[in-house]
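A.B. asks: I am attaching a structure below and will ask some questions about it afterwards.
The values are calculated or read from the model by the stated rules, or taken from the named source; none is laboratory data. What you see is a predicted model; the values in this text were computed from it and never measured. Cβ: placed from backbone, ideal geometry, glycine included. Neighbour counts: every protein chain shown.
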Amino acid sequence: MRAVVKNKIGVFNPQGFLDGTTAPALLTIEDIQATKALNIDMMLVSLGKVVFFNKNGLDVFVRLLETLHKDSGTVVGFCDYNDKQYTSIEKFYGDDLNFSLFRTYKIATMFTVSMQEVKEKKSVLVWHEDPSQRSALAIELFDRGHTPIVCQSTAEFTQKKMQPELYEEVVYNSYLGLLGSKIATRVSGNAIIYTVSGFLDAEITNNFDMSYHKNSLNVGFTLFIFDAYKVVSMNIHGVNFFSKLASAGAEFGANICIVGMTFEKTPANFKDELEDAGLIFFEKMDDILQDKELLKELGGSGGGSKTNKRSLNKLLVNQLPRFINATVNTMEMMTNAKAEKQDVKVQALTIAQTQGKLASSIGFYGDIDGMVVLVFPLSVAKKSCELLLGEQTDNIEDILDTLAEFVNIIGGRVKALLAEDKVRVNITLPRTYENVDDVLATVNERKGVQVNLNFKGENFTFFLMR
Amino acid sequence: MITQEEIHDYINAIPPSPTVLKAVLACIQKGELAKAADEAAKDPALKLFLQGIVNKPIYGFKNDIKDLKQIFGILGLAQAEQIIYNYMISLLTPTKWELFSLTNKEFSQIQDSLSFAWKKILEHKEINDRSVFSSISLLPASIIVCEALFKAKHDELDLLRSVKEIDYNTILKRLSGMDLFDLCAKIAEVWEMPEPIAQIILASSGKTQQTDPQITELSKWMHLLFFYQLSQPICTAAGLNDFIEFNIEYVQDIYEAFQDVVM
């Protein structure tokens, strides 16, 4: 069975009946390995379409998932179950419940990293009978930019959940098993915020998702903030980590800030060293996020790398037909109609009319590196989303979300095509832009190959750059 | 990915039901099993198919039964009709399966399992209608139609399904306005199968509402039975578990009774 992978979560969706006889054929070690190779943070089995399961059936999945967790620290568990199924799982595993349980897929997404900003300003209602679970759920949500409200009793929860419209999500019948040690990450505007805590030593290098960080640089993020309110102290390994991060980001013009760090138990000269390496310290998060001038200066209000002047190279141009074919074929697949190539030019990204258009981008890195930008007229974007959404929609968030999946498909296809030529690349998480001016700012007048495609009389733009 | 023209080409390519089969079915409709056996003897492949069915372990005969009249006698009218329809559907199976990892022998096993369980269900519900009995034969046709339409699009489908949980039936419906069950109903139409067969099949997708309460009730049982079958190792190994979407809410009220009757 293949997993659906989105926002670094791989989900298997078995259907029907799960028992000791049927489960081994549904999920195999090969399926797990193939999904793990896609650089995921969480792997779940959805029980949404499972009408019957027993312990023997679940055991098959649990064994595979726990092996994955031991090997890679990936968060593993189940999602999309009903109350009755949750009770059964608790009963089956009792104190041996080492995996996580998320009542819905949406709740699971709140516990992982994403390129999507937490835009919802409502709070999250949290309830679990076990106080330590309540706290764990709340802390993890908070570290990812949500605002949890923890109920202290069944009565309080029963009363509050009567008004679900007041909350972004109601988290109950969910359980955090063994979590990964990865540093929590969230996006705020055009800034990436990492939450670090405790003692920062050599472990930080293992726990920090460097590929995510590189992806973020590749797709144009230049402001990285470390939320260090909960950091007690750091040693020289921590200092080295931040120094190296600053050096690596210099090529992209990245700014790295540390917020809330006190140096009561950390040598003061470490701060000087880090400042010399280019890191900037702030007392409070709002000192950055609420200061628009400063935010703009640091790159957190959009805009791309000022120093990245990398241009197209022969390697990338040689692969251009593969990129274009992957895009055209995917467009045709999604819309069930023909796209016609109009012209190909090496130039800075030029969009005659930015109003009424949406854009998406995906970066790739490995044997070759660069970024693909797609600019859609709204009508073409809507049409290309219909197959995935199953209906016409005017909801921009739905369309942008689906465009992200769309470029993910293109990225996956490019990756597969390049692999045929023994060119190995990884793709970044996709990024979408409601405002085309934002993508123009990210591209920042760098030259690339622009291909204009005609799609039923409307222009669709493909742009490949380094 | 799939155009309207491809759908029309597929429908037009459905062969008419062979003359021998029409004659066998006509005899069964009249209740003349001996004559049906005589007609069936004219088609060696059908004869072999029937011998293969009756001599399977589930029938429990110690010795091989070769005589067609005897075979029709053992089967009885309703089961004979159903098996003739199973045979008709098997004529549509591809020589080589590409989308699903199946062999024709495995496909035949799926047909048999469904027929066997469907018989139990109808006995439980005390339904003797031959059309209803035969309707299960058409259900596996959805697998054949899916194989035929999507086998050349394997890579595209894999990519699409890697980012979104979307089944073949939904993809086809969104692209062409018709789904696999609509195409099965077309097959029933071309093969002049009794009308209730197509109606039950359409409703068994779990997505089409029917006004007839009996058809709705039967379609729930068929929907759940299909997913019970699609959860079996033979189907999961073939990649069939998620080829169409299971509508769990649709079958919630019959689930416990299903457990008692089938599992």
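A.B. asks: What's the number of the condition B:Glu126 fails, among (1) modelled with pLDDT under 90; (2) part of a loop (DSSP other than H, G, I, E, B); (3) under 22 Å from B:Phe226 (Cα atoms)?
C.D. replies: Going through the list (1) modelled with pLDDT under 90; (2) part of a loop (DSSP other than H, G, I, E, B); (3) under 22 Å from B:Phe226 (Cα atoms), B:Glu126 breaks only (1).
A.B. asks: Consider A:Phe376 carefully, then state whether it is under 16 Å from A:Asn215 (Cβ atoms) and among the aromatic types (Phe, Trp, Tyr). Explain how you work it out, then say what you get.
C.D. replies: On the way: under 16 Å from A:Asn215 (Cβ atoms): no; among the aromatic types (Phe, Trp, Tyr): yes.
It is false that A:Phe376 is under 16 Å from A:Asn215 (Cβ atoms) and among the aromatic types (Phe, Trp, Tyr).
A.B. asks: Here's something else I'd like to know. Of the residues B:Lys35, B:Lys105, only one is without any contact (Cβ under 8 Å) to a residue 12 or more places away in the chain and touching a helix residue (DSSP H, G or I) at 6+ places or on another chain (Cβ under 8 Å); which?
C.D. replies: B:Lys35
A.B. asks: Return the residues of the stretch B:253-263 that are within 10 Å of A:Val51 (Cβ to Cβ) and either within 8 Å of chain A (Cβ to nearest Cβ) or modelled with pLDDT under 90 (or both); say none if nothing qualifies.
C.D. replies: Narrowing the stretch B:253-263 to residues within 10 Å of A:Val51 (Cβ to Cβ): B:255, B:258-259.
Once the filter is applied, which keeps residues that are within 10 Å of A:Val51 (Cβ to Cβ) and either within 8 Å of chain A (Cβ to nearest Cβ) or modelled with pLDDT under 90 (or both), the stretch B:253-263 yields B:Tyr255, B:Gln259.
A.B. asks: For the stretch B:156-166, which residues satisfy the criterion of being part of a helix (DSSP H, G or I) and within 8 Å of chain A (Cβ to nearest Cβ)?
C.D. replies: Answer for the stretch B:156-166, where residues must be part of a helix (DSSP H, G or I) and within 8 Å of chain A (Cβ to nearest Cβ): B:Glu156, B:Asp158, B:Leu159, B:Leu160, B:Arg161, B:Ser162, B:Val163.
A.B. asks: Would you please name the residue that is nearest to A:Val11 (Cα to Cα), looking only at residues in the stretch A:29-62 that are in a helix (DSSP H, G or I), out of contact with any helix residue (DSSP H, G or I) (no Cβ under 7 Å at 6 or more places or on another chain) and of a type in the set (Val, Ile, Thr)? Please lay out each step first, then the result.
C.D. replies: Our first condition is that a residue be in a helix (DSSP H, G or I); within the stretch A:29-62, this holds for A:29-36, A:55-62.
When the remaining residues are screened for being out of contact with any helix residue (DSSP H, G or I) (no Cβ under 7 Å at 6 or more places or on another chain), the result is A:30-31, A:33-35, A:56, A:59, A:62.
Narrowing the set further to residues that are of a type in the set (Val, Ile, Thr) leaves A:35, A:62.
Values: A:Thr35: 9, A:Val62: 14 Å.
The extreme case among them is A:Thr35.
A.B. asks: Only helices (runs of 4 or more DSSP H) wholly contained in the stretch A:196-286 count here; list those with 2 or more residues that are closer than 27 Å to A:Asp369 by Cα and touching a His at 6+ places or on another chain (Cβ under 9 Å).
C.D. replies: A:203-207, A:236-250
A.B. asks: Here's something else I'd like to know. Out of everything in the stretch A:235-258 that is surrounded by 14 or more Cβ atoms within 10 Å (Cβ to Cβ) and farther than 19 Å from A:Asp209 by Cα, what residue ends up being modelled with the highest pLDDT?
C.D. replies: A:Asn235
A.B. asks: When residues of the stretch A:351-405 are filtered for being among the aromatic types (Phe, Trp, Tyr), at pLDDT below 85 and closer than 14 Å to A:Thr330 by Cβ, how many remain?
C.D. replies: Selection size over the stretch A:351-405: 0.
A.B. asks: May I pose another question? Filter the stretch A:262-281 down to the residues that are within 26 Å of the chain's Cα centre (by Cα) and buried (at least 18 other Cβ atoms within 10 Å of the Cβ) and list them by number.
C.D. replies: Listed by number, the list holds a single entry, A:Leu279.
A.B. asks: Something else now. Return the only residue of B:Leu77, B:Leu114, B:Leu99, B:Leu149 being outside any helix (DSSP H, G or I), buried (at least 17 other Cβ atoms within 10 Å of the Cβ) and in contact (Cβ under 8 Å) with a residue 24 or more places away in the chain.
C.D. replies: Only one candidate qualifies: B:Leu99.
A.B. asks: Keeping to the stretch A:29-53, report how many residues are closer than 27 Å to A:Thr87 by Cβ and within 11 Å of chain B (Cβ to nearest Cβ).
C.D. replies: Number of matching residues: 8.
A.B. asks: Which condition number in (1) among the aliphatic types (A, V, I, L, M); (2) at pLDDT below 85; (3) touching a Lys or Arg at 6+ places or on another chain (Cβ under 6 Å); (4) over 30 Å from A:Ile89 (Cα atoms) is the one that A:Ala184 fails?
C.D. replies: Looking at each condition in turn, A:Ala184 falls short on (4).
A.B. asks: Do we have A:Gly299 as at positive phi and crowded, with 17+ Cβ neighbours inside 10 Å here?
C.D. replies: yes
A.B. asks: Still on this structure: Under 6 Å between Cβ atoms, at least 6 apart or on separate chains: pull out the pairs that start in the stretch B:14-25 with a residue that is without any contact (Cβ under 8 Å) to a residue 40 or more places away in the chain and end on any residue that is outside any helix (DSSP H, G or I) and crowded, with 16+ Cβ neighbours inside 10 Å.
C.D. replies: B:Val20/B:Asp43
A.B. asks: Now, a different point. Looking at the stretch A:435-462, which of its residues are more than 22 Å from A:Lys382 (Cα to Cα), of a type in the set (Gly, Ala, Ser) and surrounded by fewer than 21 Cβ atoms within 10 Å (Cβ to Cβ)?
C.D. replies: Result: A:Ala441, single match.
A.B. asks: Still on this structure, please answer the following. Give the residues of the stretch A:1-28 that are in a strand (DSSP E or B) and within 9 Å of another protein chain (Cβ to nearest Cβ), sorted by residue number.
C.D. replies: Hits for the stretch A:1-28 are A:Val4, A:Val5, A:Lys6, A:Val11, A:Gly16, A:Phe17, A:Leu18.
A.B. asks: Being surrounded by 21 or more Cβ atoms within 10 Å (Cβ to Cβ), under 27 Å from B:Ala78 (Cα atoms) and within 14 Å of chain A (Cβ to nearest Cβ) narrows it down to one residue among B:Leu240, B:Leu218, B:Leu183, B:Leu230; which is it?
C.D. replies: Exactly one residue qualifies, and that residue is B:Leu230.
A.B. asks: Quick test of your reading of the structure: A:Ala337 fulfils all but one of (1) within 14 Å of chain B (Cβ to nearest Cβ); (2) assigned to a helix (DSSP H, G or I). Name the failing condition by number.
C.D. replies: (2)
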